[in-house]
Amino acid sequence: MAGRSGSVLLWVSVDRSSAVPLHRQLYEGLRGAILGGRLSPGARLPSTRELAAGLGVSRNTATSAYVQLLAEGYLEGRVGSGTYVARSLPDDLLRARPGPGREAAGAGAERALSRRGGLLAATPTTTARDAGAPRAFRPGVPALDRFPFELWRQLASRFWRRPPPGLLGYGDPAGYAPLRAEISAYLRAARAVRCSPEQVIVVSGSQQALDLAARVLLDPGDAAWVEDPGYMGARAALLGAGARLVPVPVDGEGLDVAAGARLGPDARLVHVTPSHQYPLGATMSLARRLELLGWANRTGAWVLEDDYDSEYRYAGRPLEALQGLDAEGRVIYVGTFSKVLFPSLRLGYLVLPPDLVDAFAAARELSDRHPPGPDQGVLARFIAEGHFERHLRRTRKLYAERQEALVEAARRHLAGRLEVPPAEAGMHLVGRLPEGTDDREASRRAAALGVEAPPVSAFASGACRTPGLVLGYAAFGRDEIEEGVKRLRAALDGPG
């Protein structure tokens, strides 16, 4: 007995100064000795009394460790004989090795992916991973410094004092009915969208809306028009569904419908940002809108209207949505709260033709069942009590001021290097570089100086005709804009 206890004590010890409980230390020590082959299969272990005496711990401590190892199959007990290391442990477990390095793990993961999985893994959705606090001039970020967090906290507190029971269990995959009603009422009044609450499906941001539309409406190999340059997230969603992308040029009137009809006459779907083209900023003319709807009606194609920041228009009221002109039910309208409230809320919406609602709801349920109920409940109250529209009015005025600050700072510091004209809408501007400039290199130099300014060419499918930088301004105060522009000047001036 003493010999067996002594051999175990060679491999097991306890540290009374450690925060780890003694029984856990003993468990881990024995388990490590078994997996490392120091205690071989079939080896008999000392009794709990002997082990406790040898280590100077209580018998309860030794018993607790043994019980856990027995339950997990590392040990086996034999009536009248004692406790032994299990004989049935696989050989590869008994020769524990370090885990594979990143390079080896990556290669294995790549071999295991399907063709679609490999495509998804290799398809970028943004120009960079937007980690950490935003720096000038990261696009797509609202004024987080002006969000009414205290008001939101009060609404959340009221919600949790008496939460609706229906929002604490599994919910409707189409979303919380009161929120769908509030979204429908807002869109009818503000965007001239023709819809009932039953046509609204709440999703986890616009990216999920694009993904759902691509998977529900397209078969692998189907052609889909995308704006060129255009939103990378839409391209990624369409590619993930196996679509064949047809890049269609944009000009001052938005998507060139005639060019699209020539390049992809068999397209099943069109992704378009008519109110404020991303990233160049054009507004699709009425003639182009009617031309696009006419083409979709004739060919049976779907139009995916991405209305990502239409609330921010600084000359007159926001334009009416393309969906409001659609008499044949070919337009699917996509909106998001990420750009107007805060991105991590992860709530957006689809407005669907009535005959598509059930199919989209079923696909929504398969992806992640439904959006978080409590967040939907708080947002519904935020809209119903008028806070949403008040927040929009405040931020619309604020963003107009911040755009003006960016244009003025660029005029003073970037003349001859980057032309930054004003725009009537949106949360970003496009700075135009001199012809022949490598905008990717300019963006890299800016990043090295702490400025986030994605290159326009990153949004294009091929060679970029108009090199430039995308400059978001909504999230940044006047001082941040001034400092960012000065750093951008240094980056554009280059070394020396």
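One table, with the values for the structure above:
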| read-out | value |
| --- | --- |
| The chain - share of DSSP beta bridges that are antiparallel (%, nearest 5) | 60 percent |
| Order of 13, 275 under a 10 Å beta carbon neighbour criterion, fewest first | 13, 275 |
| Fewest-first ranking of 195, 464, using other Cβ atoms within 10 Å as the exposure measure | 464, 195 |
| Helix axis angle, 102-112 relative to the chain longest principal axis, alpha carbon, degrees | 70 degrees |
| DSSP beta bridges in segment 271-375 [antiparallel fraction, %, rounded to 5] | 40 percent |
| Fewest-first sequence of 476, 388 by Cβ atoms within 10 Å of each Cβ | 388, 476 |
| Counting DSSP beta bridges with both ends in segment 142-387, the antiparallel % (nearest 5) | 40 percent |
| Nearest-ten-degree value, helix 357-368 long axis tilted from longest Cα axis of the chain | 40 degrees |
| Amide proton proximity set for residue 39, modelled H, under 5 Å, gap of 5+ | 34 |
| For residue 203, residues with placed amide H under 5 Å, excluding near neighbours | 348, 349, 350 |
| Other-chain or far-sequence residues with amide H under 5 Å of residue 244's (modelled H) | 221, 222, 223, 224 |
| Relative contact order for the chain, counting Cα pairs under 8 Å that sit 6 or more residues apart, in percent | 16 percent |
| C-alpha long axis of helix 2-11 to longest principal axis of the chain, angle in ° | 20 degrees |
| Estimated vicinal HN-Hα couplings, Hz - segment 220-234 in sequence order (Karplus 6.51, -1.76, 1.60; Gly, Pro = x) | x, x, 5, 7, 9, 6, 10, 5, 9, x, x, 5, 5, x, 5 |
| Separation of alpha-carbon centers, segment 27-78 and segment 431-468, rounded to whole Å | 63 Å |
| Mean separation of Cα contacts under 8 Å, 6 or more apart, over the residue count of segment 2-94: relative contact order % | 31 percent |
| MRE, 222 nm, helices only [DSSP H, n ≥ 4, -39500 (n - 2.57), over the chain, to nearest 500] | -13500 deg cm²/dmol |
| Integer Hz, Karplus 6.51/-1.76/1.60 couplings in order for segment 143-159, x for Gly and Pro | 7, 5, 6, 10, 6, x, 5, 5, 4, 4, 4, 5, 5, 5, 5, 4, 4 |
| Net charge of neighbours whose Cβ lies under 15 Å from the Cβ of residue 325, counting Lys and Arg as +1 and Asp and Glu as -1 | 0 |
| Distance from segment 309-354 to segment 236-295 (C-alpha centre basis), Å | 17 Å |
| Around residue 72: net Lys/Arg minus Asp/Glu count, Cβ-Cβ under 13 Å | -1 |
| Table column - 3J(HN,Hα) (Hz), segment 23-35, Karplus curve with 6.51, -1.76, 1.60, x for Gly and Pro | 5, 6, 4, 5, 4, 5, x, 5, 4, x, 5, 5, 5 |
| Cα-centre dipole for segment 142-387 with unit charges at Cβ (Lys and Arg positive, Asp and Glu negative), debye to 20 | 640 debye |
| Gyration tensor verdict on segment 194-290 (Cα atoms; rounded if a/c is under 1.5, prolate if a/b is larger than b/c, oblate otherwise) | oblate |
| Unit charges at the beta carbon, dipole of the chain: most positive-side option, 475, 58, 418 | 58 |
| Check: the chain dipole with +1 on Lys, Arg Cβ and -1 on Asp, Glu Cβ, in debye | 1740 debye |
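Values in this text are rule-based calculations from the coordinates and carry no lab data. Since the structure is predicted, the reported quantities are computational estimates derived from the model, not experimental observations. We place every Cβ from the backbone using ideal geometry, glycine too, and count neighbours over all the protein chains shown.
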